[in-house]
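We did not get these values from a lab; they are worked out from the coordinates using the rules stated. It should be emphasised that the depicted structure is a prediction, and the values quoted were computed from it without experimental measurement. Glycine gets a Cβ as well: all are built from the backbone with ideal geometry, and neighbour counts include every protein chain shown.
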Amino acid sequence: MRLILFDGPEEERAKFYPLSYCRPVWELRCGMTALGEKLIGKLGAQQVAYFVPPYMADAYAERVDGKVNDPSGLAGDDVLLVHGSLKAATLDVAPTGPSEVGMLGDLVAYVRVAQADLGKLDTGSIEAFLASARQALPQVSCRAERFEYVWEVMLDSPHQIIDDFKAAGRSGIEGVIEEPSAIRGNKNDVYVAPGCEVHPMVVIDATEGPVFLDEGVEVHPFTRIEGPAYVGPKTILLGTKLREGCSVGPVCRLGGEIEESVIQGHSNKYHDGFLGHAYVGEWVNLGALTTNSDLKNDYTSVEVIQNGKKIDTGSNKVGALIGDHTKTSIGTLLNTGAIVGSMGMIMATGQPLQKTIPAFAWLVNGVVTKGFGRKALYRTAATAMGRRKQAWTPAIEAMWEAVYELTAPERNEAIKRGRRMAS
Amino acid sequence: MDRLEVQERVIKTTARVLKLDPGEVNLESDFAADLGAESIQSIELVAAFEEEFNIEMDEDAALQVMTVGSAVEFIYDHIVSQKG
């Protein structure tokens with residue numbers, strides 16, 4: 001079957017900012033894999049194409065094998081289009097069948113089109129395709145659930161690790177665990193992949209959930225890993241207190257205390273400091289003793305200010321939501337439910353910082369400034385990626401230029417406010 | 001605004017941001033070598049000049065400015081070009 005993932009319109013994508021500035025929603029990690037991997041697996045798709053915002057199409061095409069933003073993929077054979085925010089486990093749609101549009105409120109959740117009906121639809125663009133499908137095809141109510149906001153992905157991740165562990169069907173020690181180390185709980189709830197090295201004096205506690213250490217993971221002494229936990233390929237844990245419910249992508253360096261957080265990949269939190277109920281993008285570096293609050297002193301639900309709107313998350317545990325390529329200085333204190341925009345350069349003040357920090361902000365003395373500008377940030381990003389043998393390409397830079405423009409109004413307002421405060 | 005007024009306000013702003021006596025700041029003063037501006041303070045200086053003169057300075061160009069005198073020239077030229 002042919003599957004097409006999409007995640008528009010932009011006002012829906014914006015609910016996943018700052019993580020969705022540079023990636024489609026289905027690339028968000030939840031549990032052991034990304035949302036899109038779960039959808040593809042659930043639907044058994046052999047051929048997958050993608051529609052992303054035009055500004056990130058070239059950069060995304062460098063990352064995936066399938067076609068990106070190619071309208072020709074809308075024509076041809078039977079096709080199923082699925083919104084990338086859907087929870088795969090709740091999706092009960094046969095890949096082929098009568099043509100229909102599945103709606104979740106006002107959102108097009110999926111479109112299934114039999115080849116015979118493709119002629120009725122406008123295949124000129126994804127927007128035209130979806131609009132014509134809504135007009136020409138019968139609409140049904142979609143019974144699947146979806147993620148609406150980025151923190152919901154983080155909050156669901158621990159449960160998803162348990163489900164993904166079962167689905168993966170792997171357990172046992174295929175890597176090396178050096179003695180003395182200890183596994184608490186059922187050994188069948190632990191998987192140590194080939195090439196994984198667990199040094200002496202490590203505790204893996206699977207009493208509350210499974211632990212999956214992927215290929216090439218290195219676990220240094222005095223690390224404690226509490227399940228459910230997933231640690232991605234080639235990540236290094238440096239005496240980490242990895243509390244329950246963490247999902248960590250590939251090639252991270254992690255120390256300190258981390259709880260129920262998602263780290264997308266290629267990010268560093270090398271030193272002590274607490275990260276709880278956080279969602280961290282790629283290529284982030286959290287300086288020593290960077291800490292986030294994830295619980296208010298009065299235990300009420302955490303509010304997040306996203307896109308200028310205050311939103312009650314309904315959860316009393318939400319930490320920082322940190323965009324890609326952001327760096328924090330030593331001793332940075334992040335507020336409960338803080339949104340830290342991508343490409344930020346954050347200097348500590350000794351006090352919790354403001355709840356919303358725009359993308360490309362150089363935060364100095366608690367004030368948003370232009371700093372040394374975005375080109376300096378790009379040079380740092382290229383250096384960081386180069387250290388992990390990844391290229392900063394013209395397509396990636398063009399994508400970030402578009403993000404810079406997209407986020408300019410919020411940032412410029414904050415810069416003006418900051419100048420007045422500082423003068 | 002004439003060049004002399006720009007000069008006076010640049011010196012006053014520099015002294016305020018770097019916590020110096022205005023008498024310690026002259027046109028030949030190098031922000032880093034003579035006035036002790038750290039990299040973070042150079043960011044604060046750019047922000048302070050923008051607020052003082054109600055201008056937008058290109059980050060890369062502004063951070064090439066090394067001395068108080070060259071800051072005066074840079075800002076004066078900027079104001080003149082905005083007017084023109």
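Sparsely packed loop sites in region A:276-317 (the trypsin sites (Lys or Arg not before Pro) outside DSSP H, G, I, E and B with at most 16 other Cβ atoms within 10 Å) comprise A:296.
Of A:227, A:119, A:337, the residue with the greatest mean-square motion in the GNM of chain A, using alpha carbon springs below 10 Å, is A:119. Across chain A, the mean sequence separation of Cα contacts (distance under 8 Å, 6 or more residues apart), normalised by length, yields a relative contact order of 10 percent.
Normalised by 2.2 N^0.38 Å, where N is the number of residues, the C-alpha radius of gyration of chain A stands at 0.99. For the residues of A:168-180, the average number of beta carbons from a partner chain within 10 Å of their own beta carbon is 0. Stokes-Einstein diffusion for region A:213-307 at 37 °C, viscosity 0.692 mPa s, with a Kirkwood radius from C-alpha pairs, works out to 246 µm²/s. When only Cα pairs below 8 angstrom with a gap of at least 6 residues are kept, region B:3-83 shows a relative contact order of 37 percent. In this rough spin-label picture, where each label sits 7 Å from Cα along the Cβ direction, the residue B:19-residue A:139 distance is 6.2 nm. Judged by the gyration tensor of its Cα atoms, with axes a ≥ b ≥ c, region A:283-423 is prolate; a/c meets the 1.5 cut and a/b is the larger of a/b and b/c. Taking 28 Å as the limit for the C-alpha separation, the pairs A:67/A:120; A:317/A:416; A:355/B:83; B:12/B:83; A:38/A:67; A:269/A:389 exceed it in the case of A:317/A:416; A:355/B:83. Expressed in units of 2.2 N^0.38 Å, where N is the residue count, the Cα radius of gyration of region A:149-266 is 0.93.
Taking every DSSP beta bridge that has both ends in region A:288-423, the antiparallel portion is near 40%. Taking the DSSP bridge list for chain A and keeping only pairs wholly inside it, about 20 percent are antiparallel.
Take the Cα of residue B:39, step 7 Å toward its Cβ, do the same at residue A:89, and the gap between the two points is 4.5 nm.
Over all Cα atoms in region A:1-130, the spread is summed up by Rg and Dmax: 13.7, 40 Å. When the P(r) is computed for chain B, the part past 23 Å accounts for 11% of the Cα-Cα pairs.
Between region A:267-302 and region A:58-134, the C-alpha centres lie 37 angstrom from each other. Within region A:113-143, the trypsin sites (Lys or Arg not before Pro) that combine a DSSP coil assignment with at most 12 other C-beta atoms in a 10 angstrom radius are A:143. Summary value for region A:2-148: 25 percent relative contact order, contacts being C-alpha pairs under 8 angstrom separated by 6+ residues. Peptide packing: for B:19-25, A:192-198, the average count of neighbouring Cβ atoms within 10 Å per residue gives the ranking A:192-198, B:19-25, highest mean first. Mean partner shielding of peptide A:368-379, defined as the number of other chain Cβ atoms within 10 Å of each residue Cβ, is 4. Simple spin-label estimate for residue A:295 and residue A:114 gives 5.6 nm between the two label positions (7 Å along the Cα-to-Cβ direction from each Cα). Sparsely packed loop sites in region A:25-89 (the chymotrypsin sites (Phe, Trp or Tyr not before Pro) outside DSSP H, G, I, E and B with at most 13 other Cβ atoms within 10 Å) do not occur.
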